[in-house]
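Just so you know, all these numbers are worked out from the coordinates, no wet-lab data involved. Quantities reported herein were computed from a predicted structural model and do not represent experimental measurements. No Cβ is skipped: glycine too gets one built from the backbone with ideal geometry, and neighbour counts run over all protein chains shown.
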Amino acid sequence: MVEWTDEERGFINGIFAKLDYDDIGPKALSRCLIVYPWTQRYFGGFGNLYNADAIKTNPMIAAHGIKVLHGLDRAVKNMDDIKNTYAALSVLHSEKLHVDPDNFRVFSDCLTVVIAAKMGNGFTADMQAAWQKFLTVVVSALGRQYH
Ligand code: HNI
């Protein structure tokens, strides 16, 4: 089981408290689709992904980015049991959506880049350390039902 210090909990809650889902969600997902174009294959039904501008202005991608960030809420609210919290979501991504679990890491890196850009110098190394740990646990939990 993952242990969290009070400081780590404080950093993670602090980042989420300031997170503008409607801004960061679309930016993180569109960045993922642009930087790692193979991730576009899962969004074939999402309309125009023809180039970076099309991806950044695609309302379905924006909406989905917000949805994914709200998916992270569940982890913040259940920090001591992230594994079980994501059991069903892991099954969904594995068995129904067939998302390669490597992509969870790729997306989480994009999310970190977008948050760092937004927070600037406020995103300290200690904060990033807690944040990377949080995302590592999330990525691992989402990948757990793959076999
Ligand atoms: Ni993901 C649907 C959460 C990463 C592709 N995803 C969801 C839903 C949530 C969610 C919540 C909605 C489920 C439902 O309808 O019941 N996804 C998350 C989280 C992460 C993540 C928390 C990582 C932090 N998903 C990814 C990645 C990809 C991905 C990296 C592909 C590259 N997800 C999808 C697709 C769907 C999806 C595709 C279905 C979309 C749709 O509406 O058809």
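The table below lists the values:
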quantity	calculated
Note, ³J(HN,Hα) from phi for segment 80-86, Karplus 6.51, -1.76, 1.60, rounded to Hz, x at Gly and Pro	8, 8, 5, 4, 6, 4, 9
Mean separation of Cα contacts under 8 Å (6+ apart) over length of segment 44-147, as relative contact order %	34
Computed [θ] at 222 nm, helices only, for the chain once each DSSP H run of length n ≥ 4 contributes -39500 (n - 2.57)	-20500 deg cm²/dmol
Whole-angstrom gap from segment 60-76 to segment 31-54, using each part's C-alpha centre	17
Cα-based Rg / Dmax (Å) for segment 5-79	14.3, 45
Note, ³J(HN,Hα) from phi for segment 61-66, Karplus 6.51, -1.76, 1.60, rounded to Hz, x at Gly and Pro	5, 4, 4, 5, x, 5
Those residues of segment 110-134 whose amide nitrogen sits under 18 Å from the label point placed on residue 56, 7 Å along Cα→Cβ	110-119
Pairwise FRET efficiency - residue 129 versus residue 22, Cβ, R0 = 25 Å, nearest 0.05	0.40
For segment 99-106, 3J(HN,Hα) per residue [Karplus equation, 6.51 cos²θ - 1.76 cosθ + 1.60, θ = phi - 60°, Hz, x = Gly/Pro]	7, 4, x, 4, 5, 5, 5, 4
